[in-house]
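Structure, as structure tokens:
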Amino acid sequence: MRFDDNTPFSHTPRCSQGPVGTVRTPDGQVKTVMLTAAHCFEVDDKTVRPETFTPVRVNGRVEYPRLGTVDAQRIPFEIQGELFDFYRIIDEPDWSFVRLDPGVSGSGASTSRDERGSAPSPEVAITGVKDYRDLRGDELISFDNAGQPICKDGIRTGRSCGRQLFRTQNFVWHVGLSYKPGDSGGINYDPRTGEAIGLSVIGYGPFGNSQQVDRAIEDAYGIPDSQVNAAFTPAPPAERADFAPLREELTRAKAENPPAAPAPAPAPTPAPTPRERLDQAVGSAQADAARFAGEAQQIPGAQNPAAAAQDLAGRASAAAQHHAEEIGAAVGGLLPRP
């Protein structure tokens, strides 16, 4: 991902790759897509381009060929101020589909190296998607997956495996995967079957949750429950590019892409002239006078007119004293000095 400005790659968001494959939409479209986490494109208050790039070693340098652009992305819940919103907040979807550019191919095998560049984890072919039964009605949590294994790959911590605990409508909750920033969006899979389970989202020490891949495909492309595998076909395992591990990439990127030059400091605002100071002081006094006059007209209709009048008188007196001092100082600036 890259910020929508001149910020170099060494200062842009980084996430991991989720499942890659072909999706067939109900209206007949066929798209080659890669999944990742939506929050990778929602960084603080900065706008992130809806594009993805990848760090590849080329002739001793790190280059960033573009992979594609966002094709579909989650829509955050609108909070309604209801008790049910708490559940919706912790179960808010977090998926983004990147449509790969023509000529870009992806591997359907899951593997990773950690940030230090350790040996890559053994490749695991992704065979399909774990298509969980959607929760219905008042069913907020299901334990039908409790105890089942789950593994993940990510650019920060590499591979780790654990156990599923339970699931909500959008997330599988688990223990043992231990995500760190940068692992977000990475594939979570069932080591027994090779089915894609989810995308790494948030870690709370040994606990964490992953966005269910089946729910993401259903919501993004209007696929009915239980029909995800008829609509999505994982890419076959393929040879991978020579990707730079995170630490190496950052070290080289910072050397090759120095921080953007800071914007020049704005020119100092010239101090107002004595005449401008007087005009400002008089204008401020007139504005307060008009405001207090408007409040005075409302006093007869107040619940306690006497108290309202007393309050207004106190505030008007203080304002008058303040404006008198301001105007006096401004007038003094206009007078010739002895």
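Pick out, in residue order, every one of the trypsin sites (Lys or Arg not before Pro) in the stretch 158-243 that is DSSP loop and has at most 16 other C-beta atoms within 10 Å; say none if there are none. Filter output for the stretch 158-243: R192, R240. Longest stretch of the chain clear of exposed loop sites (GluC sites (Glu not before Pro), DSSP loop, at most 10 other Cβ atoms within 10 Å, sites excluded): 83-238. Since only G182, V201, I327 are under comparison, the one whose Cα sits farthest along the positive direction of the charge dipole of the chain, derived from C-beta charges on Lys, Arg, Asp and Glu, is G182.
Simple spin-label estimate for A302 and D134 gives 5.8 nm between the two label positions (7 Å along the Cα-to-Cβ direction from each Cα).
Applying both filters, DSSP loop and at most 10 other Cβ atoms within 10 Å, to the chymotrypsin sites (Phe, Trp or Tyr not before Pro) of the stretch 137-195 gives F143.
Within the stretch 9-256, DSSP assigns beta bridges of which about 95% are antiparallel (rounded to the nearest 5). Note on K31 and T54: with the Förster distance fixed at 22 Å, the Cβ-Cβ geometry gives a FRET efficiency of about 0.70. Among the lysines of the chain, pairs at least eight places apart or on separate chains and with Cα atoms under 27 Å apart come to 8.
Once you order the gyration tensor axes a ≥ b ≥ c over the Cα atoms, which shape class does the stretch 94-243 get: rounded for a/c under 1.5, otherwise prolate or oblate by comparing a/b with b/c? Note, shape of the stretch 94-243 comes out oblate.
When the helix-only estimate is applied to the chain (DSSP H runs of n ≥ 4, each -39,500 (n - 2.57), divided by the residue count), what is the mean residue ellipticity at 222 nm, nearest 500 deg cm²/dmol?
-8000 deg cm²/dmol
Here the chain is assigned +1 on the Cβ of each Lys and Arg and -1 on the Cβ of each Asp and Glu. Its dipole about the Cα centre then comes out at about 1060 debye. Backbone geometry of the stretch 152-160 corresponds, through the Karplus equation with coefficients 6.51, -1.76 and 1.60 at θ = phi - 60°, to 3J(HN,Hα) couplings of 9, 10, x, 6, 9, 10, x, 9, 8 Hz, x marking Gly and Pro. Per q in 0.12, 0.13, 0.15 1/Å, what log10 I(q)/I(0) does a Debye calculation on the alpha-carbon atoms of the chain return? The Cα Debye sum returns log10 ratios of -0.81, -0.92, -1.23.
Only the coordinates and a few stated rules stand behind these numbers; no lab work does. These numbers come from a predicted model, not from an experiment. Counting neighbours? That spans all protein chains shown, and the Cβs are built from the backbone with ideal geometry, glycine included.
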